[in-house]
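One structure below.
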Amino acid sequence: KGGGVIQLKLLYKCAIPDLCRRPFIQVPMGMLHTLVMSGRDLKNRDLIGKSSPYLELELNATVLKTSRKSGTLDPVWNESFELRTQSKDDILAVRCWDHDV
């Protein structure tokens, strides 16, 4: 059984804004501005104590990690990342891990 909520804010900025406004034109690159805000009610993975969660963000084989927040199931990160996109259809994968497991 899963659980918990991760809060993110995402903003995509096209590399060539004039082309992004035109229909049927595939723009090759842009930037995905990502603000990792917080987690709430995350599942505890530690046998003793509480988890030390961090997130991995993966886009087009680029993997970035947040800092680890020790001993909490309600972490607050407020960390910003920029990821280069190759198309507007790219998928951002977000995984939550426990540092100690």
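The values are calculated or read from the model by the stated rules, or taken from the named source; none is laboratory data. As the structure is a computational prediction, the values presented were derived from the model and not from experiment. Every residue, glycine among them, receives a Cβ derived from its backbone with ideal geometry; neighbour counts consider all protein chains shown. Ligands, DNA and RNA are excluded from the accessible area calculation, which covers all protein heavy atoms including side chains. Shrake-Rupley method; radii C 1.70, N 1.55, O 1.52, S 1.80 Å.
Contact map, the stretch 70-87: first residue part of a loop (DSSP other than H, G, I, E, B), second residue among the aliphatic types (A, V, I, L, M) and open to solvent by less than 80 Å² (accessible area, probe 1.4 Å), Cβ cut-off under 9 Å, separation 6 or more or different chains; pairs are T72/L42; L73/L42; D74/L42; P75/L42; P75/L55; Q86/L59; S87/V27. Residue count for the stretch 86-101 satisfying the condition of being open to solvent by less than 100 Å² (accessible area, probe 1.4 Å) and either among the small types (G, A, S) or over 12 Å from T34 (Cα atoms) (or both): 8. Quick one: is P53 without any contact (Cβ under 8 Å) to a residue 40 or more places away in the chain and under 17 Å from Q7 (Cα atoms)? Taking the combined requirement at face value, the residue does not satisfy it.
Would you confirm, using the coordinates I've provided, whether G39 is at pLDDT 90 or above, touching a Gly at 6+ places or on another chain (Cβ under 8 Å) and part of a strand (DSSP E or B)? Criteria met by G39. Looking across the stretch 57-71, the residues that are more than 19 Å from M31 (Cβ to Cβ) and surrounded by fewer than 16 Cβ atoms within 10 Å (Cβ to Cβ) come down to S67, S70, G71. You will find that of R22, R45, the residue that is assigned to a loop (DSSP other than H, G, I, E, B) and either at pLDDT 85 or above or surrounded by fewer than 14 Cβ atoms within 10 Å (Cβ to Cβ) (or both) is R22 and no other.
Provide a single number: the residues in the stretch 72-85 that are closer than 14 Å to D46 by Cα and open to solvent by 90 Å² or more (accessible area, probe 1.4 Å). Can you show your working first?
Within the stretch 72-85, the subset closer than 14 Å to D46 by Cα is 72-73.
Subsequent filtering for residues that are open to solvent by 90 Å² or more (accessible area, probe 1.4 Å) retains none.
The qualifying residues number 0.
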